[in-house]
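Colleague: Here's a structure for you.
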Amino acid sequence: MTSRKPRGSGRRNRTPKAGRRGGPFSGADYDRNLGPVDRSQYRKGKGQGKKSRQHVPEGERLQKVIAAAGIASRRVAEDLIAEGRVEVNEEIVTALGTRVDPDNDIIFVDGIRVNTKPDSVYYAFNKPRGVISTMSDPKGRPSIADFVNTADTRLFHIGRLDNETEGLLLLTNDGELANRLSHPSYEVPKTYLVQVKGPMRKGVGDELRKGIELEEDGLVSVDSFKVVDSTPGHILCEVIIHSGQNRVVRRLMKAVGYPVQRLVRIAHGPITLGNQRQGSIRQLNSQEVGHLMATVGL
């Protein structure tokens, strides 16, 4: 199986125009250095294990596996091992001659899971308004397939964004990660920028944090709500929510009297949209993948 190559802008005659960088709906640069993982903050995270010399005689050299995953060069990987910053199966490994089985061994560097699946791919897609969250559409409407080459492997979209919602949509062929990120028990937060008509009365944030009764879903609350910008006649809010019900942000805002004018997802767990162009797709780096895995206990 070969890695897919994003096409970026898709078919010109079927897709909306790419957005512009900047403005209140842009954030910090994407693809940033996320730093080491503090695994203690995740419910199923693994801590530093006891010192060990994990070794599989017929396996691959540990530093080669780390380098192949894009974490570091072989020479730097050797330094990481010698410094006790590498774990194999929850045990610290310091022997440079250690060989491992990349198909079965679980490897961490500075608390970040090393992706040892060469065929696994992970992408961030900035979905434009008017694109549906499916890999194909029998009605010929713009879909994710217009932006990626689907010939190489099957991609899963992690969650959905409705037709009118823009922003970050994660794509992968890693079924286990996709399932965990989508499962409500892991409570992975999603961050949105919401534009509504202003002015806004006091107490809206408190109402949303306490919870709103939604038909068929019961009491639903946001994790965080704040006003981040305002212009005459418009309010820009940031909403963080781990609930994944259909059109939940739109329904909540309508319930408190502020129908959504524009909605953009800017983060999914530790992955942020930043200044990534609308309609573009980029591959997540190894550190970002490691942080995503840590979020759901992998």
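Colleague: Hey, can you tell me all the residues within region 90-142 that are part of a loop (DSSP other than H, G, I, E, B) and hydrophobic (A, V, I, L, M, F, W, C)?
Modeller: Selection gives ALA95, LEU96, ILE106, VAL114, VAL121, VAL131, MET135.
Colleague: Mind listing whichever residues of region 196-208 are closer than 16 Å to ILE240 by Cβ and either surrounded by 13 or more Cβ atoms within 10 Å (Cβ to Cβ) or not assigned by TED's automatic domain parsing to the domain that holds SER224 (or both)?
Modeller: Within region 196-208, VAL204, GLY205, GLU207, LEU208 meet the criteria.
Colleague: Just to check your reading of the model, which residue among ASP223, ASP217 is modelled with pLDDT under 95 and either surrounded by fewer than 17 Cβ atoms within 10 Å (Cβ to Cβ) or assigned by TED's automatic domain parsing to the domain that holds HIS157 (or both)?
Modeller: It is ASP217.
The values are calculated or read from the model by the stated rules, or taken from the named source; none is laboratory data. These numbers come from a predicted model, not from an experiment. So basically every Cβ, Gly included, is an ideal-geometry build from the backbone, and we count neighbours across all protein chains shown.
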